[in-house]
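A short worksheet on the structure shown next.
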Amino acid sequence: MALDAIAWLDAPSSGQVAQFAGIDPRTAGKLLKNAVQIGLVDVVGAGYVLVLPYPYKGSQDQKQAVVKEALVRLPLLTGVRQFLRLGDKTEAALRKAATVAGISPFVPADLNPLLEWAQSLGALQPSLVAEDLVDEAETKKERRHLEAKDQRVAFLSHSSADKAFIRQLAADLTANGISVWLDEQRIRVGDSIPEKIAQGLAESDYFLIGMSHKSSESAWVQKELNNALMSEVQRRKVHILPLKLDDTPMPQIIADKKYADFSKSYKAGLDDLLSAMKGTV
């Protein structure tokens, strides 16, 4: 529920996360500290934001998969898996990986909880790489298409400036039986956008991107809508459906895509979107 709060709210404080999730403030603080440690959450000003896409109202398995991905991508644990694969015992692998990661002094008691968390989610398998999790997500989608042909999953990419609109849309999509992955458009130095969103994208049927004056000016949109991402979308067999939120022209790279027009009527835009999404996947 703490991650649900961060996905839904706009850079909430620890207190807001606790209130939204209905948990003790100290518990919220501990959860947030852990989430920051594994690179799942960033601190922005006095608030918290998600770094990876998140399946709001998703299943426990889906949410654990996001945490597992963050753990698998964590440089420290990448090092641990490498040394385990080289034949080291866990204690030695952790010590060496901490050295490589620049963690000094090495205090095992500080890192053991992280190690135990990774072990409990299967994130320390020596041969495991992040691509394996993406492949698992795609396999889940293929199985879903066979077992629940009418079920749809949407990856909803948006600017924080359009969050009020996105909250309403996420609620309406969920009410219409469509599962939603929320991805707030934020860039960190060195981010690879296709890699960052790979697992959520692989599990989704539709890539929805909110286009507005504010989002079109963001660095994220300039970087996200590029050939590398378009190739990843095609490879994962995901349909792109832009959302036109105002009179901003569509970027050239998606100018030929069918879009849902919310610029004049939210209701008409939603009807168009639902009609398109409930067609053949």
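The values are calculated or read from the model by the stated rules, or taken from the named source; none is laboratory data. Only a predicted model underlies this, so the values are computations on that prediction, with no experimental measurement involved. No Cβ is skipped: glycine too gets one built from the backbone with ideal geometry, and neighbour counts run over all protein chains shown.
Residues are listed down the side, and each one gets a yes or a no for (1) surrounded by 14 or more Cβ atoms within 10 Å (Cβ to Cβ); (2) assigned to a helix (DSSP H, G or I); (3) without any contact (Cβ under 8 Å) to a residue 24 or more places away in the chain:
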{"residue": "LEU71", "(1), (2), (3)": "yes, yes, no"}
{"residue": "LEU76", "(1), (2), (3)": "yes, yes, no"}
{"residue": "VAL80", "(1), (2), (3)": "yes, yes, no"}
{"residue": "LEU84", "(1), (2), (3)": "yes, yes, no"}
{"residue": "ASP88", "(1), (2), (3)": "yes, no, yes"}
{"residue": "ARG95", "(1), (2), (3)": "yes, yes, yes"}
{"residue": "THR99", "(1), (2), (3)": "no, yes, yes"}
{"residue": "ILE103", "(1), (2), (3)": "yes, no, no"}
{"residue": "ALA109", "(1), (2), (3)": "no, yes, yes"}
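When each of ILE6, ILE38 is tested for being more than 25 Å from ILE178 (Cβ to Cβ), buried (at least 21 other Cβ atoms within 10 Å of the Cβ) and under 15 Å from the mean Cα position of the chain (by Cα), the lone residue that passes is ILE38. Close contacts from region 1-16, counting a first residue that is modelled with pLDDT under 95 and a second that is in a loop (DSSP other than H, G, I, E, B) and aromatic (Phe, Trp, Tyr), with Cβ to Cβ under 7 Å and a gap of 6+ residues or different chains, come to ASP4/TYR56; ALA7/TYR56; TRP8/TYR56. If you go through region 236-265 and keep only what is of a type outside the set (A, V, I, L, M), under 17 Å from SER215 (Cβ atoms) and either assigned to a loop (DSSP other than H, G, I, E, B) or touching a residue at least 60 places away in the same chain (Cβ under 8 Å) (or both), you end up with ASP246, ASP247, THR248, PRO249, PRO251, LYS257, TYR259, PHE262, SER263.
Among the residues of region 113-130, the ones that are surrounded by 12 or more Cβ atoms within 10 Å (Cβ to Cβ), of a type outside the set (A, V, I, L, M) and in contact (Cβ under 8 Å) with a residue 12 or more places away in the chain come to 4 in all.
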